[in-house]
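Here is the structure we will look at, set down as structure tokens.
Just so it is clear, none of the values below were taken in a lab; they were calculated from the coordinates. Owing to the predicted nature of the structure, the values given are computational and were not obtained by experimental measurement. Backbone-built Cβ (ideal geometry, glycine too); neighbour counts: all protein chains shown.
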Amino acid sequence: MGLGYLKKYLLRYRRQYIAALIFITLETFGDLIQPTIMSKVIDNGVKRGDMDYVLKLGGLMFLITALGAGFAITRNIISSKVSQSFGADLREDLYIKIQSLSLENIDEFQDASLITRLTNDVNQVQNFAHGSMRIFVKAPILGIGAVIMSFILNPTMALIPLGLVPIVIVIISMNLKISYPIFTRIQRALDKVNAVMREYLAGIRVVKAFNRFDYEKDRFRKVNEGLKNITLKGMRVIAVFNPTVSLTVSIGIVLVLWVGGVRVNTGNMEVGKIMAFVNYMTQVLHSLVLMTRILNMFIRAKASSERIREVFETESSMKVKESPTAFPNGQGRLEFENVYFKYHNNSRWVLEDISFTVNPGETLAIIGSTGSGKTSLVNLIPRFYDVVEGSIRIDNIDIRHMNLDDLRERISIVPQKVLLFTGTIKDNIKWGDKNATDKEVEEVAKIAEAHDFIMSFNEGYNTYLGQGGVNLSGGQKQRISIARALIKKPSILILDDSTSAVDLITERKIRNKLKDYLKNTTTILIAQRITSVMDADKILVLDRGKIVGQGNHEELMENCQVYRDICISQLGKEGVSFGS
Ligand code: CTP
Ligand code: MG
């Protein structure tokens, strides 16, 4: 029923859980015995003026209360610890699960929703784990116990609390039925708020630059209102049902007082007993209110737990073979054979019939207008996405047959959109290989033409980068990103437009240094500038997902119109002589 997968987490803490259950049981028994003792104090002690008796039982009541308080405190400490650890475990597993999902899966869930699931949804489940002890133990024991105790006091009058129980159960189940779908909607509304907020924060510079704050504000207001409205709806359900339960029980109390009053008058019952009865009724009420509150928590947790389970049950759309082969120890010959690819939500091919070969140590350049599919093409190599048709082979082995970790370990990618992490420059470069020495870090930084600017900072390699590397320029970030890819010493290196923000002279320096450093590395280089690609061993010209030209610079100038057009538009007619 959706919560089953949580069992293993609770079982992990079963000892503490059982201890907490024992404490709460003792605490509840303490509560249950109090009204009876009190009735004795009144009927036997006060009425007869027996001060000794009053003091003795009063002392007993005090002792029970003190013990109960002690039990309650211990139970609370234990159950907080259990529920917090439970939540942390769940969050961690969920985090690991998300990491195992393919990009396609993640696109489908959307990251904002994954964040809500990781935070708010886990919290809901955790709160319930904390409250669950009270529902499973305290509420039933208190409720049933109070009814039994009133039977012992006076069987006929006990019919009143007994009669109330079915009525209240009906009210509570109606409440749950109505509010469950509302809670699911609340979580979804929360997803939307998170999505808008994330997008706004990620694009805050653009929003400011375009002065679109009003637009963003409206967008935010809309989802925020949505969240408010649906939450209010949920609150209203609770607001109606909780007092209804109280009202029902209060009617019972009035009945007890009335029937009891008549009986006291006729001498059939003692005042202390009536008082005890009212106390037990209050306990029944307390147990029912507790139950409603925690059941509400329960369905909220259930709605959340469904959302968490959905992630756990999603199988990565990336199929990994049962017994994958290791990454070939060859030299990194890369082959695409009749590759077709599209994103799952896209009906048209993003790549069509792509075939080419890059020999070990060679450099393949890819050029083509924006949106022509260059990034999509290289994303297929580390299997961020899988081909729809055709195959990609490295040293004659289909990449789908390889161990995925191995594959990614041997491929380095400098993504088009640079992503650096909070930490020092050194940390960021060492991300590619955490065992790298400082000397190695410096070496790759020099190749990426990053060493000089890094040294110009006061802290050098220990300069701290803010989130996403905000305190660096675009070109500086790109160079760190290149260094990070190089330190991995990959078999295949992919540079996706990774010098776009670097000036031409620096770019040429990087290119020359790379050429020496990458003698044995198969390199794929995407660029918009013709000067960046013209001295590659082979150039692919992509146009709307298709290869329209393949060959070296001279060959393409001869026989590829698109290439010639790009060349002339960037370099003029004499551009050809620019070759380095
Ligand atoms: N696309 C998509 N879903 C994505 C990424 C891209 O549907 N998650 C589509 C784009 O709409 C585009 C096509 O795939 O039409 C190719 O995108 P891409 O490979 O990113 O193009 P590039 O050639 O890399 O473009 P650019 O030079 O601008 O980087
Ligand atoms: Mg791109």
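Remarks
- Among Val82, Ser287, Phe384 - extreme Cα towards positive end, dipole of the chain, charges at beta-carbon: Ser287
- Computed from Cα atoms, the angle from the helix 474-486 axis to the main principal axis of the chain rounds to 90 degrees.
- Two-site label geometry, Lys47 and Ser317: point separation in nm, points 7 Å out along Cα→Cβ: 7.8 nm
- Charged-residue dipole, Cβ positions (Lys, Arg, Asp, Glu), region 165-320 about Cα centre, Debye nearest 20: 520 debye
- Low-density loop cleavage sites - trypsin sites (Lys or Arg not before Pro) in region 405-512, where at most 12 other Cβ are within 10 Å (DSSP): Lys417, Lys434
- Here the simple spin-label model places points 7 Å from the Cα toward Cβ, and for Arg309 and Tyr464 these points are separated by 4.4 nm.
- Acute angle (nearest 10 degrees) that the helix 159-202 long axis makes with the longest principal axis of the chain, alpha-carbon atoms: 20 degrees
- Counting only Cβ charges, +1 for Lys and Arg and -1 for Asp and Glu, the dipole size of region 3-313 around its Cα centre is about 240 debye.
- For region 296-453: rounded, prolate or oblate by the Cα gyration tensor [a/c cutoff 1.5]: oblate
- Out-of-range pairs (alpha-carbon distance over 20 Å; input Lys8/Lys81; Lys489/Lys538; Lys8/Lys97; Lys138/Lys233; Lys97/Lys477; Lys217/Lys477): Lys489/Lys538; Lys138/Lys233; Lys97/Lys477; Lys217/Lys477
- Computed from Cα positions, the angle between helix 122-133 and the longest principal axis of the chain comes to roughly 20 degrees.
- Estimated dipole of the chain in Debye, rounded to 20 [Cβ of Lys and Arg +1, of Asp and Glu -1, Cα centre]: 2320 debye
- Highest mean first, the peptides 353-359, 140-146 sorted by other C-beta atoms within 10 Å per residue fall in the order 140-146, 353-359.
- Region 390-528: relative contact order in percent, alpha carbon pairs under 8 Å with at least 6 residues between: 32 percent
- Selected from Met455, Gln570, Ala527, residue furthest toward positive end of dipole (the chain; charges at beta carbon): Met455
- As a calculated quantity, the FRET efficiency between Val254 and Asp386 at R0 = 56 Å, using C-beta atoms, amounts to about 0.20.
- The length gained on full extension between Ser473 and Leu247, counted as 0.36 nm times the residue separation minus their Cα-Cα distance, comes to 74.7 nm.
- Residues of region 301-329 with amide N under 11 Å of the 7 Å Cα→Cβ point at His401: 324-326
- A prolate overall shape is assigned to the chain, the ratio a/c of its alpha-carbon gyration tensor axes (a ≥ b ≥ c) being 1.5 or greater and a/b exceeding b/c.
- Additional length obtainable on full extension of the chain from Leu419 to Thr357, 0.36 nm per residue less Cα span: 19.4 nm
- Cβ-Cβ FRET estimate between Asn268 and Thr119, R0 fixed at 45 Å, reported to 0.05: 0.15
- Helix-only arithmetic for the chain: the sum of -39500 (n - 2.57) across DSSP H runs with n ≥ 4, divided by the residue total, places the mean residue ellipticity at 222 nm at -20500 deg cm²/dmol.
- Distance in nm between pseudo-label sites at Lys222 and Met61 (7 Å out along the Cβ direction from Cα): 6.2 nm
- Gain on full stretching of the segment that runs from Asn76 to Phe213 - 0.36 nm per residue minus C-alpha separation: 44.7 nm
- Cα-based shape type of region 417-489, given that a ≥ b ≥ c are square roots of the gyration tensor eigenvalues and the cut on a/c is 1.5: rounded
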